1. Among the candidates LEU97, LEU8, LEU85, LEU71, single out the residue that is modelled with pLDDT of 90 or more and over 26 Å from VAL127 (Cβ atoms).
2. Where the second residue is surrounded by fewer than 12 Cβ atoms within 10 Å (Cβ to Cβ) and the first is modelled with pLDDT of 85 or more and lies in the range 116-145, which pairs have Cβ atoms under 6 Å and are six or more apart or on separate chains?
3. If you go through the range 41-63, how many residues are loosely packed, with under 15 Cβ neighbours inside 10 Å and under 25 Å from PRO151 (Cβ atoms)?
4. Quickly run through the range 106-154 and pick out the residues that are under 19 Å from ALA26 (Cβ atoms), over 16 Å from the mean Cα position of the chain (by Cα) and part of a loop (DSSP other than H, G, I, E, B).
5. Please go through the range 87-97 and give me each residue that is in a loop (DSSP other than H, G, I, E, B) and aliphatic (A, V, I, L, M), ordered by number.
6. Quick test of your reading of the structure: THR29 fulfils all but one of (1) free of Cβ contacts under 8 Å to residues at least 60 places away in the same chain; (2) outside any strand (DSSP E or B); (3) buried (at least 21 other Cβ atoms within 10 Å of the Cβ). Name the failing condition by number.
7. Scan the range 17-40 for residues that are in contact with a helix residue (DSSP H, G or I) (Cβ under 7 Å, 6 or more places away or on another chain), at pLDDT 85 or above and either over 20 Å from THR148 (Cβ atoms) or among the β-branched types (Val, Ile, Thr) (or both) and jot them down.
8. Is it fair to say ILE100 is in contact with a Cys (Cβ under 7 Å, 6 or more places away or on another chain) and outside any loop (DSSP other than H, G, I, E, B)?
Amino acid sequence: MTQRDDFLDAKRNIEVLLVEDSPSDAMLTIEALREGCVTERLYHVEDGVEALAYLRREGKYSEVGRPDVVLLDLNMPRKNGHEVLKEIRADHVLQFLPVIVLTTSDDERDVLEAYGENANCYITKPVDLNAFVRAMRSLGDFWLKWVTLPPRTI
């Protein structure tokens, strides 16, 4: 085992919040991340209103831990991903939380708007199942194993 492997093993358990309204896309994303040896804690909410309640620890989410990374769909009911991202960046407690946009949209306007709202990354979901699984493995390897994430101290 290398020093880097020792370092990775010693890192804290990463908590991921998946914000996805499609049950099938959510299940596929979670399974793909787990298949890629990402066994950290994965939580799922179905829309932007629930996401913000979870992140702010409101109501039924008052006892949850704050996630280290958010995987955010854009096209959702009640409150879309752009609105959620704007609220996260405007909140002094949540503003440094890494947000990865994970969506079916490859519309240039969505990409520009998300980066304008300070998304950390924008991934268009591959349509091909094998490509999607590879993308989730790469995402897990990079964001959950190699990236140094901000502390949860706030």
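1. Values: LEU8 fails: modelled with pLDDT of 90 or more; LEU85 fails: over 26 Å from VAL127 (Cβ atoms); LEU71 fails: over 26 Å from VAL127 (Cβ atoms).
When all the criteria are applied, what remains is LEU97.
2. THR124/ASP106
3. First, pick out the residues of the range 41-63 that are loosely packed, with under 15 Cβ neighbours inside 10 Å: 41, 57-60, 62-63.
So of that shortlist, the ones also under 25 Å from PRO151 (Cβ atoms) come out as 41, 57-58, 62-63.
Residues meeting the conditions: 5.
4. Listed by number, the residues that qualify are PRO126, VAL127, ASP128.
5. Quick first cut of the range 87-97, residues in a loop (DSSP other than H, G, I, E, B) only: 91-97.
Answer for the range 87-97, where residues must be in a loop (DSSP other than H, G, I, E, B) and aliphatic (A, V, I, L, M): VAL93, LEU94, LEU97.
6. It is condition (1) that THR29 fails.
7. Once the filter is applied, which keeps residues that are in contact with a helix residue (DSSP H, G or I) (Cβ under 7 Å, 6 or more places away or on another chain), at pLDDT 85 or above and either over 20 Å from THR148 (Cβ atoms) or among the β-branched types (Val, Ile, Thr) (or both), the range 17-40 yields LEU18, VAL19, GLU20, LEU28, THR29.
8. Numbers: in contact with a Cys (Cβ under 7 Å, 6 or more places away or on another chain): yes; outside any loop (DSSP other than H, G, I, E, B): yes.
For ILE100, the condition - in contact with a Cys (Cβ under 7 Å, 6 or more places away or on another chain) and outside any loop (DSSP other than H, G, I, E, B) - is met.
The values are calculated or read from the model by the stated rules, or taken from the named source; none is laboratory data. Just so we're clear, the structure is a prediction, and the values are computed from it rather than from any experiment. Every residue, glycine as well, gets a Cβ built from its backbone with ideal geometry; the counts of neighbours run over all protein chains shown.
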